[in-house]
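The block underneath contains the structure these notes are about, expressed in structure tokens.
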Amino acid sequence: MEIERKFLISKIPENLEQYHCREIQQGYLSTDPVVRVRKDNDDYYLTYKGKGKLAREEYNLPLTKESYEHLIKKSDGNIITKKRYEIPDNTGHTIELDIFEDVFEGTVFAEVEFESIEDANSYIKPDWFTEDVTDNREYHNSNMSQKIFK
């Protein structure tokens, strides 16, 4: 079960280089249900996500590099590339700051994962977080992959 909230931010924290950074590339084989292939640094996954926004089923299956390279070519829509910085907050959670590249350059938001729905609902966001967009489908990567640029 994945339980997470997603937020827009007012500013990018300084000194990002001090935090662990993952380079992510992903494509969607399906958006209903969500079936994604992802390259996460040197790891590769096929992911299935169930329905839901705050909480939903998520299954990650490992792939080989060759399988990933084969499947990413079959994805629909935009390939999403981003840098994900893992920033510890003062509550024991890790903020995953996503800075998007390529067609989504300029898009930045933060995600925080939780152990329970109660934990998610009681989370006190940092000052640099603005709007909670957890329920806004526009910020789901699967929907972003379907965005048409003119």
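The values are calculated or read from the model by the stated rules, or taken from the named source; none is laboratory data. As the structure is a computational prediction, the values presented were derived from the model and not from experiment. Note that we place each Cβ from the backbone using ideal geometry, even for glycine, and neighbour counts take in every protein chain shown. Just the protein is used for accessible areas: all its heavy atoms, side chains included, with ligands, DNA and RNA removed. Shrake-Rupley method; radii C 1.70, N 1.55, O 1.52, S 1.80 Å.
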Hits in region 94-130 (condition: loosely packed, with under 14 Cβ neighbours inside 10 Å, acidic (Asp, Glu) and either within 11 Å of the chain's Cα centre (by Cα) or within 22 Å of Ser10 (Cβ to Cβ) (or both)): Glu105, Asp127
Residue check for Ser75: surrounded by fewer than 17 Cβ atoms within 10 Å (Cβ to Cβ) and polar (S, T, N, Q): no
Of the residues in region 8-29, how many are open to solvent by less than 60 Å² (accessible area, probe 1.4 Å), assigned to a strand (DSSP E or B) and not polar (S, T, N, Q)? 8
Which condition number does Gly92 fail, the rest of (1) farther than 17 Å from Cys21 by Cα; (2) at pLDDT 95 or above being met? (2)
